[in-house]
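**Q** Right, I'll just put the structure down here and ask away after.
The values are calculated or read from the model by the stated rules, or taken from the named source; none is laboratory data. A quick note: this is a predicted structure, and the numbers were derived from the prediction, not measured. Cβ placement follows ideal geometry from the backbone for every residue including glycine, while neighbour counts extend to all protein chains displayed. When the accessible area is computed, the model is the full protein with side chains, heavy atoms only, and any ligands, DNA or RNA have been set aside. Shrake-Rupley method; radii C 1.70, N 1.55, O 1.52, S 1.80 Å.
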Amino acid sequence: MVRRNLTWKEGYIPKPWPSNPMKKLYADYFNFQFTNQLTPTGRNGCYICYEVQGTQSPISLDRGVFENQFYPKKRVHAEVCFLNWFKESPLEKTPNPGEPYHITWHMSWSPCVDCAKQVADFLNTQKCVRLRITFSRLYYSNKPEYRQGLRNLAGAGAELAMMSPEEFEYCWDNFVDNRGRSFRYWKGIRRNYDALSEMLDQILWG
């Protein structure tokens, strides 16, 4: 079933500011912020649905949602919020020597230049981490410095891909306060995924 696109004001009701990270994302926030429209408007924040797994079990050690932090003093992007949290978390210490963590990020936007550098630096120093990142949309994909940032991430070992329709549904089921409702694909979701995947491949390998 196809649902109609939501505008900023339709179904998007301001909520109390959540803690960072939060366990679940409000359903209307997900529908608005994670749409994979090629030229969206009003999507100024970044959200990361994250999952941390060990290599010995498919069960998640931790999962949740990070968003950009605007308080108390200065803005901190969601990627850096996760890195700061992970470095301070007990998860940062692997349970067994040499056992890597598998971390998955499902992001509403691909990273900015500075965040791409910080994540690449993190991967180059944290050999116990394997990171897979999927993006709903590409951020300033026509600008050379943003394209190079994605290539640097891939060079540091990150696996990069666009979010498939099935991954949107996975996020809806696992990271969204959906009140028992099933995910409904929006118009153009697979067509946009195909177009964005081609763009990402051209950036990384073209």
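**Q** At a Förster radius of 22 Å, what calculated FRET efficiency corresponds to the Cβ-Cβ distance of residue 190 and residue 140, to the nearest 0.05? Spell out each step's value before the answer.
**A** On the way: r = 24 Å, r/R0 = 1.09.
The computed FRET efficiency comes out at 0.40.
**Q** Hey, another quick one. Which whole number of Å³ per residue matches the convex hull of the alpha-carbon atoms in the range 71-206?
**A** Considering the Cα atoms of the range 71-206, their hull volume per residue is 146 Å³.
**Q** Oh, and also: At 1.306 mPa s and 10 °C, plugging the Kirkwood radius over alpha-carbon pairs of the range 160-206 into Stokes-Einstein gives what diffusion coefficient in µm²/s?
**A** Answer, rounded: 134 µm²/s.
**Q** Something else now. To the nearest 10 square angstrom, what accessible area does residue 121 show with a 1.4 Å probe?
**A** Probe radius 1.4 Å; accessible area of residue 121 about 70 Å².
**Q** Let me ask something additional. A 21 angstrom limit on the alpha carbon distance is what I want to check against. Which of 74/127; 87/127; 87/117; 74/117; 24/74 exceed it? Before the final figure, lay out the partial values.
**A** Values: 74/127 30 Å; 87/127 13 Å; 87/117 17 Å; 74/117 19 Å; 24/74 24 Å.
Where the Cα-Cα span goes over 21 Å, the pairs concerned are 74/127; 24/74.
**Q** OK, next. Which values, in whole Å and largest first, are the semi-axes of the equivalent ellipsoid of the range 102-156 obtained as the square root of 5 times each eigenvalue of the Cα gyration tensor? List each step's numbers first, then the result.
**A** Values: eigenvalues 71, 36, 11 Å².
They are 19, 13, 7 Å, listed largest first.
**Q** Rolling a 1.4 angstrom probe over the protein chains, ignoring ligands and nucleic acids, what is the accessible area of residue 101 in square angstrom, nearest 10?
**A** Looks like 10 Å² after rounding.
**Q** Hey, another quick one. Taking the Cα centre of the range 103-171 as origin and charging only Cβ (+1 Lys, Arg; -1 Asp, Glu), how large is the dipole, in debye to the nearest 20?
**A** 240 debye
**Q** Oh, and also: Expected output is a single nm value to one decimal: the length gained when fully extending between residue 62 and residue 124, i.e. 0.36 nm times separation in residues minus the C-alpha distance. What is it?
**A** 20.1 nm
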